[in-house]
Amino acid sequence: MSYGSTVVLDGVDLEIPRGQVVALLGPNGAGKTTTVEILEGFRRPSDGEVEVLGVDPAHAPEEWRSRVGVVLQSWRDHGTWRVSDLLQVMGSYYVAYGTREVPRPWDTAELLDRVGLADHAGQRIDRLSGGQRRRLDVAVGLVGRPELLFLDEPTTGLDPAGRRDVHDLVADLADLDTTILLTTHDLGEAEKVADRLLILAGGRIVADGSPDELRLQLSRSSEVRLRDLTTGEVSVHAEPDPTAYLTDVLHRRRGEVQVLEVRAASLEDVYLDIVRRAEAGEDLSALTSLEAMTR
Amino acid sequence: MSTPSVPSTVLRAALRQARTTLARKYSTPAGLGNFFVPVVILIVIWFVRDVEMLDGQVGAGGYVFAGFLGFGVVAAAVMGVSGELQTERDDGTLLRAKAVPHGMTGHLLTKLLVTPLDALVPIVPAVVGAALLIPGIMPSSLGRWLLLLLVFLLTVAAMMPWGAVLGSVFRSMMTFAWVMMGIYALAVVSGFFFPLTVLPTVLEWLARATPLYWIGAAFRWVLLPGVEVAGDPPAVVTLLVLLAWSVVGLAVAPVVLRRMARRQSGSAVAAARERVLNRGY
């Protein structure tokens, strides 16, 4: 796609087509926030090259800022302002970047309606619930109609209702033609809102694909258990291609196999294993793919 | 429809931001707290109005009033600007400004517009009150009123950038609290409320080494014409010193602020949030 946003990360080229919702998933401490901060231009990478929308974010001109929206997890600012105040003031910085096709900023009433805060326009910001506050932050991120929106841990610290609020909102934004990169440590959340998952572990991307693709990829590395009819002995095999293996073994050992069990490695198991190992302080830098986890 | 240029957009945005900041600040109980100090000062002035100072040249009420105006400017710059910078760094205001195009420039422009008004807010009720309590303290001609306004703006310009520098340099809340106490201690010995000459020479020189003393001297010069305050230099010297402080300050502050802004990141804000949750400040 000609509008594609190119993100270079750890030597890996990530071509993210415009409009895609991508989740950067990984255990705490995997480097998600660091990665996003580098992409947002808020932190300089110690080494290497980064390009977002064709520009190095650390030295990006202010014009680049008008094409990128940022939503952070810990904003508590402007508590005494009204909801519409913040959108109007922040929006007014984008006036010079409007075009005939894309008027900027986004009209406040329309945007509030879009994020489900239409009834709260006149409310003090510090009186919003956690989920509403996050909706407002997303609205501020969107007020300049960015091509790319960063959402850092959008649901951290929210109660279940607030989380659902944010999930619904992100799903709602899918038709915006805005590329969204969000970070989370929750696989369920990533699957719910994203078209594509990037799993970050040990400073490297170990998996990249839609949830279905990743499942399929893992199902090929399954665990096969066979119980011998005569000895009662159980043998376990990790198999990249269980169908071929079973065809072969059942053919060769006809009548010898008593019990047969094939277990596909699940994305959940593999991800939880990554999280567990990361939390135990294990060095995951040798990890290159999800399949490697299952062996 | 033509699109407005970038500079005019930033200027309009900053004006709008300043307007909203002021409207929201002075419509909350916390903002109204700014009116508390002038009331206290007026009560003090009421009690000392008949006490004479400087061999009967001036009533203590007049001296304290001039000192209060000077102190008000210092408080607005130090407590106001540097305190706000501390909060804005922690709650993400600065980062939000960084995330919008030219947001940081707009944020600084907003500060330039808001701070003089912040300094003016507690002064207005004090001026009105003093005019009623101390006959003859207020300027009698339009020219002197203008002079008072000019001195006010000059002192704000001399102090505000240094408030911004203090707010950027001292990062932790604890050190910052100590710095504030230091400034207040300095204010006590800077001649706002009693003449410098009653102090030991060392303190006298210390007071003259900061803008604080000169701010007080400038207000005394406008408000107490014809009164000789021992140790106060000629008005020209006072105004030149203040001008020098503002020029140097306005040159240094943007550099320091830019450096601080560059270090702002989401994780810094998140760390501050953690700290507030754990320690309460």
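Coordinate-derived values only; no laboratory data. Keep in mind that what you see is a predicted model, and the values were worked out from it rather than measured. For neighbour counting, all protein chains shown are included, and Cβ atoms are generated from backbone atoms with ideal geometry for every residue, glycine included.
Observations on the structure shown:
- When the Gaussian network model of chain A links Cα atoms closer than 10 Å, the mean-square fluctuations of A:Tyr271, A:Tyr93, A:Tyr245 top out at A:Tyr245.
- Straightening the chain between B:Leu11 and B:Val252 buys 84.5 nm, computed as 0.36 nm per residue apart minus the Cα-Cα spacing.
- Put simply, the amide H of A:Arg196, placed in the peptide plane, has neighbours under 5 Å in A:Val21, A:Ala23, leaving out anything fewer than 5 places away on its chain.
- Axis of helix B:173-188 versus longest Cα principal axis of chain B: the two differ by about 20°, to the nearest ten degrees.
- Antiparallel bridge percentage (DSSP; both residues within chain A; nearest 5): 60
- Extents of the range A:21-174, largest first, come to 46, 41, 29 Å (Cα atoms, principal axes, whole angstrom).
- Each label was represented as a point 7 Å from its Cα along the Cα-to-Cβ direction; for B:Arg263 and B:Thr87 these points are 2.2 nm apart.
- Which of B:Phe176, B:Phe152, B:Phe194, B:Phe36 has the fewest Cβ neighbours within 10 Å, and the rest in rising order: B:Phe36, B:Phe194, B:Phe176, B:Phe152
- Three-way shape call for the range A:186-247 based on the alpha-carbon gyration tensor, with the a/c threshold at 1.5: prolate
- Stokes-Einstein diffusion of the protein assembly as shown at 4 °C, 1.567 mPa s viscosity, Kirkwood radius from Cα pairs, rounded to a whole number: 47 µm²/s.
- Neighbour counting of Cβ atoms within 10 Å sorts the residues A:Ser129, A:Ser84, fewest neighbours leading, into A:Ser129, A:Ser84.
- For B:Asp91, neighbours were defined as the other residues whose beta-carbon sits under 11 Å from its Cβ, and their charges (Lys and Arg +1, Asp and Glu -1) total -1.
- Rg and Dmax, both from the Cα atoms of chain B and both in Å, are 20.1, 70.
- Estimated vicinal HN-Hα couplings, Hz - the range A:48-65 in sequence order (Karplus 6.51, -1.76, 1.60; Gly, Pro = x): x, 10, 10, 9, 10, 6, x, 10, 6, x, 5, 10, 6, x, 4, 4, 4, 4
- Normalised by the number of residues in chain A, the average gap of Cα pairs under 8 Å and 6 or more apart makes the relative contact order 21 percent.
- Phi to ³J(HN,Hα) by Karplus 6.51 cos²θ - 1.76 cosθ + 1.60 over the range B:87-96, Hz, x for Gly, Pro: 5, 5, 5, 6, 8, x, 4, 5, 5, 5
- Rounded tilt (10° steps) of B:103-133 against the dominant C-alpha axis of chain B: 30
- When only Cα pairs below 8 angstrom with a gap of at least 6 residues are kept, the range B:7-279 shows a relative contact order of 28 percent.
- Considering only A:Gly130, A:Leu173, A:Ala207, and ranking their Cα positions along the charge dipole of chain A that arises from unit charges at the beta-carbon of Lys, Arg, Asp and Glu, the one farthest toward the positive end is A:Gly130.
- The distance separating the Cα centre of the range A:109-163 from that of the range B:62-129 comes to 29 Å.
- Note on A:Ala264 and B:Arg144: the model spin-label points, each 7 Å out from Cα along the C-beta direction, lie 9.1 nm apart.
- Taking every DSSP bridge with both residues inside the protein assembly as shown, close to 60 percent are antiparallel.
- Reachable aspartates and glutamates, given that their alpha-carbon falls under 19 Å from the alpha-carbon of B:Lys25 and they are not under 8 places away in the same chain: A:Asp77, A:Asp85, A:Asp126, B:Glu84, B:Glu88, B:Asp90, B:Asp91, B:Asp118
- Counting beta carbons within 10 Å around each of A:Thr243, B:Thr105 and listing the fewest first gives the order A:Thr243, B:Thr105.
- If you wrap the Cα atoms of chain A in a convex hull and average its projected area over all directions, you get 18.9 nm².
- Calculated [θ] (222 nm, deg cm²/dmol) that DSSP helices of n ≥ 4 give over chain A, each run adding -39,500 (n - 2.57): -9500 deg cm²/dmol
- Principal-axis analysis of the Cα atoms of chain B puts helix B:60-75 at an angle of about 10° to the longest axis.
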